[in-house]
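The numbers here are math on the coordinates, done by the rules we state, and not lab data. In this text the structure is predicted, and so the values were computed from the model without any measurement. Don't worry about glycine lacking a Cβ; one is built from the backbone with ideal geometry, like all the others, and counts go over all protein chains shown.
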């Protein structure tokens, strides 16, 4: 019994000795850092770089449309979904809207153009809401020129075209409106 008691005391002392031993925990460190990029921005290139459809002669009986392409030439086409004819006249030079996009070099970005329907649809007006024309099918040239990527210097000139929808017998006069283009980093 005495031997068993001593054995138990010895085991208890040994357990306390092992339990009291501390082992060093291995550690490692790493550096941390970050770079703040310039914010992406968009501005109209100049006061003369608006979207301009030019002078159009509407069809008296059919709805028609005119498109201006998102290219430097502002290629203009006319058509109709129901055999109407829109006549394209000279006198006001058609143009695609032009915007300067700036930000971090080589950054990719997305572009939000106006919707074709709903509350955000773009309208051109002559002051009489009953005669408003809608502008739809907005397009940009960013994908064709750079796949939506800023240059190494962080710039891009973005051209925007669209389709002007003209009612049969549309009233004569100058129609104006505005639209917004939004850009964001991907």
Length gained, residue 37-residue 52, 0.36 nm per residue minus C-alpha separation, equals 1.9 nm
With contacts defined as alpha carbon pairs under 8 Å and 6 or more residues apart, what's the relative contact order of the range 41-185 in percent? 32
The range 41-185, Kirkwood Rh and Cα Rg, ratio Rg/Rh at 1.01
Within the range 150-176, name every residue whose backbone N is under 13 Å away from a label modeled 7 Å from Cα of residue 128 along the Cβ vector. 169-175
Quick check: the angle from helix 2-19's long axis to the longest principal axis of the chain, C-alpha only, nearest 10 degrees? 30
Between residue 27 and residue 172, 0.36 nm times their residue separation minus their Cα-Cα distance comes to what? 44.2 nm
Relative contact order of the range 57-99 (C-alpha contacts under 8 Å, at least 6 apart) in percent is 42
